[in-house]
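The values are calculated or read from the model by the stated rules, or taken from the named source; none is laboratory data. Everything numeric in this text was worked out from a predicted model, so none of it was measured. Positions of Cβ are backbone-derived with ideal geometry, glycine not excepted, and every protein chain shown enters the neighbour counts. SASA here: full protein model, heavy atoms, side chains in, ligands and nucleic acids out. Shrake-Rupley method; radii C 1.70, N 1.55, O 1.52, S 1.80 Å.
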Amino acid sequence: MLSFPLGARPRALTAAAFVLVGSASVQISAALASSAFGSLGTLAVSGYRMTAAALVLLLLTRPALRRRSRSEWAGIALYGVAMAAMNVLFYAALDRIPLGVAVTLEFCGPLAVAAVASAGRARLLPFVALVGVVLVVGTPTGGLDPVGVALGLGAAAAFGGYTVLAGRVGSGSGGLGDLALSVAVGALLLSPFQVAQAPALEGGHVAPLVLSGLIGVALAFSLDFQAARLAGTRVVGTLFAIDPAMAALVGAVALGDRLPVAALGGIALVVLAGAGAVWSAGRGAGASAQEAVRAREAVGASDTATEAARPAAPEPVRPAPLPLD
């Protein structure tokens, strides 16, 4: 596993860079796989991408299957379940509710995790990011399908679990090998969709799917994994709001989409919330360090007082000299 001998704020800045690159990777991979969505379906495409990523990660990391506790295996399995559930529930929600609503609901998951893990004014940052997401993706018109909303909230729960488990699995000793096993679990859970669409798989689909899996799953998930290990779920949960803002920017740059003023304001709010999360990480670490110093000083003063109050040890009694004849 990589080692990062950095302070809290540099770690948070590095995590922000990882999330930013990972978000761009997701958008690029979606563009690469877009030609297969129509013929194979979104769930099968997600499964093929995850399978390609799992194979590459397993070959690179070669994780040992022994000497793992039950709790470690449980974390690995649940992490993979969260990966698969994010895809299934999100795309199921898209069949019933608008894209903007589905994205907003899904990002409530990591932002809720960040809010719960925060304290003081930092707890407001996830809500600022959520407002930014709403402004970027837009607000719905008309009524919403309650089943679609429920599926969107399920995707939010899965994304929240993904955020928490990225930190939990990342804190273990298995490193990226554990991530590889989790991706393999996710690919296995999506295998029914892959098998069902195997007859429709064409030779022209293979290269884009493999490349999309490497960029959008292997690389993006690895960066998320390292970011959660570096900065924790509070910071990363807020930073994940970069994704819809990144999608809007990629659409504007690559596709020539015009961004409304509200979307630009939303992107600004997301960036502000991310910057605030990084800044508060450094402040929180500094406060913790000061408390630790004060605690050590208090212990030292207590030891000094105890030593001063302790009675002096008696001088050893020397034996009387023997008389001389």
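Quick look at the numbers
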read-out: Residue within the range 121-128 that is surrounded by fewer than 24 Cβ atoms within 10 Å (Cβ to Cβ) and either touching a strand residue (DSSP E or B) at 6+ places or on another chain (Cβ under 9 Å) or under 20 Å from L264 (Cα atoms) (or both) present; value: yes
read-out: Filter pass, I76 being under 19 Å from G216 (Cβ atoms), touching a residue at least 40 places away in the same chain (Cβ under 8 Å) and either touching a Ser or Thr at 6+ places or on another chain (Cβ under 9 Å) or open to solvent by 30 Å² or more (accessible area, probe 1.4 Å) (or both); value: no
read-out: Residue satisfying all of: in the range 160-177; open to solvent by 10 Å² or more (accessible area, probe 1.4 Å) and not aliphatic (A, V, I, L, M); modelled with the highest pLDDT among these; value: G161
read-out: Selected residue (only one of A33, A52, A12 is at pLDDT 85 or above and either more than 20 Å from the chain's Cα centre (by Cα) or of a type in the set (A, V, I, L, M) (or both)); value: A52
read-out: Flag for L43 being within 22 Å of the chain's Cα centre (by Cα), open to solvent by 50 Å² or more (accessible area, probe 1.4 Å), more than 18 Å from A166 (Cβ to Cβ) and in contact (Cβ under 8 Å) with a residue 24 or more places away in the chain; value: no
read-out: Residue in the range 218-275 that is least open to solvent (accessible area, probe 1.4 Å), counting only those that are in a loop (DSSP other than H, G, I, E, B), at pLDDT below 80 and not aliphatic (A, V, I, L, M); value: G256
read-out: Boolean, L65 is open to solvent by 50 Å² or more (accessible area, probe 1.4 Å), out of contact with any strand residue (DSSP E or B) (no Cβ under 7 Å at 6 or more places or on another chain) and in a helix (DSSP H, G or I); value: no
read-out: Test: residue in the range 92-104 that is on the phi < 0 side of the Ramachandran plot, surrounded by 24 or more Cβ atoms within 10 Å (Cβ to Cβ) and touching a Ser or Thr at 6+ places or on another chain (Cβ under 7 Å); value: no
read-out: Restricting the range 178-211 to residues that are β-branched (V, I, T) and within 14 Å of A82 (Cβ to Cβ), the residue that is most open to solvent (accessible area, probe 1.4 Å); value: V185
read-out: Odd one out for A33 among (1) outside any helix (DSSP H, G or I); (2) of a type in the set (A, V, I, L, M); (3) closer than 30 Å to A262 by Cα; value: (1)
read-out: Residue match in the range 92-107 (condition: more than 25 Å from V183 (Cβ to Cβ) and touching an Asp or Glu at 6+ places or on another chain (Cβ under 8 Å)); value: yes
